[in-house]
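What follows is calculated from the coordinates using simple rules that are stated; it is not laboratory data. Only a predicted model underlies this, so the values are computations on that prediction, with no experimental measurement involved. So basically every Cβ, Gly included, is an ideal-geometry build from the backbone, and we count neighbours across all protein chains shown.
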């Protein structure tokens with residue numbers, strides 16, 4: 001009987017004006033601005049449509065901290081940011097304006113290097129050292145895992161270089177796609193082999 | 001946290017209405033962002049947000065009263081006759097409830113809090129909270145639902 005009343009009451013309240021998606025988006029934008037102004041927005045994110053699919057972009061106050069392909073799972077990427085960086089995460093495109101513009105320019109063939117502050121806090125130790133060397137491989141060029149291992153000061157650690165590339169939190173911007181096997185084959189890529197090929201083809205044009 | 005945005009807005013609207021509800025919503029999530037890192041993993045996020053929303057709604061109402069712009073006030077017990085949608089009629093009926101009934105209805109039915117949790121937020125016993133919500137629903141039925149239920153019977 002009580003349960004019945006509860007259901008009836010809930011049905012009655014269903015007739016309250018619905019909360020629309022547009023209203024919520026407006027409120028979230030306002031919240032993101034206030035949160036950033038008050039210093040309680042640790043991670044801002046947005047998605048960006050590109051020729052290799054939708055990319056999730058996330059930035060801390062230090063800089064771009066994560067780029068995730070759709071195949072990697074945007075939700076999963078956000079969950080790991082919440083666990084590893086901070087749970088104070090909001091969709092807040094403003095902080096990603098510069099990154100979005102540069103990535104757009106890159107895919108349009110109008111940009112060869114990225115000029116963005118980067119936050120490497122998702123990478124540690126040798127992996128971070130490897131990633132920091134990758135921008136040295138110029139646009140349109142490739143290097144082997146062994147080359148990168150040597151450049152990072154551990155010539156025998158080419159497997160660790162592979163791991164560092166596979167776990168690169170900033171694909172596209174930190175160009176792990178330019179690292180290929182010594183025999184010239186592409187090997188794996190966070191965004192899938194087709195995305196790796198697409199980036200290398202774009203840069204070869 | 002984003003997934004609770006709609007729920008919190010419904011609660012704030014039921015308790016406050018209008019632009020004040022949006023302010024309370026923003027203040028609730030700002031407070032939540034501030035406190036979120038300290039929230040225990042097993043915390044009931046929904047109940048916690050409703051509790052924060054309750055406090056923020058009080059703050060916003062107090063601030064609004066201080067600004068004292070009479071035309072912006074929703075008169076108590078107004079029945080907003082002739083509004084074009086019955087949704088608006090129900091919202092007006094909710095706005096017309098006595099404060100405790102409005103809070104009990106909002107936190108229990110829209111916020112999903114059990115009566116004990118509602119009582120923890122608004123004071124008094126769980127039984128008193130249950131009664132306040134039941135009285136509120138009964139009043140809503142009387143002022144709003146009689147016609148609407150008739151119309152909607154064949155849903």
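Given N residues in segment B:1-73, what is Rg(Cα) / (2.2 N^0.38 Å)?
Working: Rg = 12.9 Å, N = 73, 2.2 N^0.38 = 11.2 Å.
Ratio of Rg to 2.2 N^0.38 Å for segment B:1-73: 1.15.
Treat the count of other C-beta atoms within 10 Å as a stand-in for reagent exposure and order A:55, A:122 from fewest to most. Display every interim value, and only then the final one.
Values: A:55 26, A:122 19.
The most exposed by this proxy come first: A:122, A:55.
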- Message: Counting each pair of different Cα atoms once, what's the Kirkwood radius of the protein assembly as shown in Å, rounded to one decimal?
- Response: 23.7
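How crowded by other chains is A:84-97, given as the mean number of beta carbons from other chains within 10 Å of each beta carbon?
Working: counts 0, 0, 3, 6, 6, 4, 4, 1, 0, 0, 0, 0, 0, 0.
Taking all residues of A:84-97 together, the mean is 2.
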- Bounding extents of segment A:125-204 in its principal axis frame from Cα atoms, largest first in Å, are 30, 25, 20
- Quick one: pull the percentage of alpha-carbon pairs in segment A:36-127 with a separation above 23 Å. 21
- Item | segment B:1-71 and segment A:20-67: distance between their alpha carbon centers, rounded to Å | 21
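Normalised by the number of residues in chain A, what is the relative contact order in percent for Cα pairs under 8 Å and 6+ residues apart? If you can, show how the numbers build up before the last one.
Details: 270 pairs, mean separation 36.5, N = 205.
Result for chain A is 18 percent.
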- How do B:48, B:25 line up, fewest other C-beta atoms within 10 Å first? B:48, B:25
- Counting partner chain Cβ atoms within 10 Å of every residue's Cβ in B:91-101, what's the average? 1
- Task: Please work out the C-alpha center-to-center distance from segment A:72-131 to segment A:133-205 and express it in whole Å.
- Result: 17
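What is the order of B:20, A:11, A:115, B:135, fewest Cβ neighbours within 10 Å to most? Don't jump to the answer; show the numbers that get you there.
Details: B:20 19, A:11 13, A:115 7, B:135 16.
Ranking B:20, A:11, A:115, B:135 by Cβ neighbours within 10 Å, fewest first, gives A:115, A:11, B:135, B:20.
How high is the relative contact order of segment B:1-56, in percent, with contacts defined as C-alpha pairs under 8 Å that are six or more residues apart? Before the final figure, lay out each step's value.
Numbers: 33 pairs, mean separation 24.9, N = 56.
Result for segment B:1-56 is 45 percent.
Would you work out the Kirkwood radius for chain A? I mean one over the mean of 1/r across all pairs of different Cα atoms, in Å.
Details: mean 1/r = 0.0529 Å⁻¹.
Across chain A, the inverse of the average 1/r is 18.9 Å.
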- Query: Once you wrap a convex hull around the alpha carbon atoms of segment A:3-82, what is its projected area averaged over all directions, in nm²?
  - Reply: 8.7
